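A short write-up of the structure that comes next.
The values are calculated or read from the model by the stated rules, or taken from the named source; none is laboratory data. What you see is a predicted model; the values in this text were computed from it and never measured. Cβ atoms come from the backbone with ideal geometry, glycine included; neighbour counts cover every protein chain shown.
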Amino acid sequence: MKQNDLWLAATAAALKAELVSADHDFDHLDGVFFKSHFIGQGS
């Protein structure tokens with residue numbers, strides 16, 4: 001993961017928030033530390 005993605009993931013986990021992303025960089029963390037949602041182009 002890139003450094004900024006790591007900050008986003010850590011913040012979402014600490015706040016018990018859901019994370020919305022336009023790429024699949026967080027898919028491997030979905031359901032482990034937080035709920036991750038993918039919003040693709042045209043969605």
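Scanning the stretch 24-43 for residues that are surrounded by 12 or more Cβ atoms within 10 Å (Cβ to Cβ) and among the hydrophobic types (A, V, I, L, M, F, W, C) turns up 26, 29, 33, 34, 38.
Return yes when residue 24 is part of a strand (DSSP E or B) and under 11 Å from the mean Cα position of the chain (by Cα) and no when it is not.
no
Of 22, 12, all but one fail to be in contact with a Leu (Cβ under 6 Å, 6 or more places away or on another chain) and on the phi < 0 side of the Ramachandran plot; the exception is 12. Close contacts from the stretch 9-23, counting a first residue that is surrounded by 11 or more Cβ atoms within 10 Å (Cβ to Cβ) and a second that is at pLDDT 95 or above and of a type in the set (Phe, Trp, Tyr), with Cβ to Cβ under 6 Å and a gap of 6+ residues or different chains, come to 12/34; 13/33; 13/34; 19/26; 19/34.
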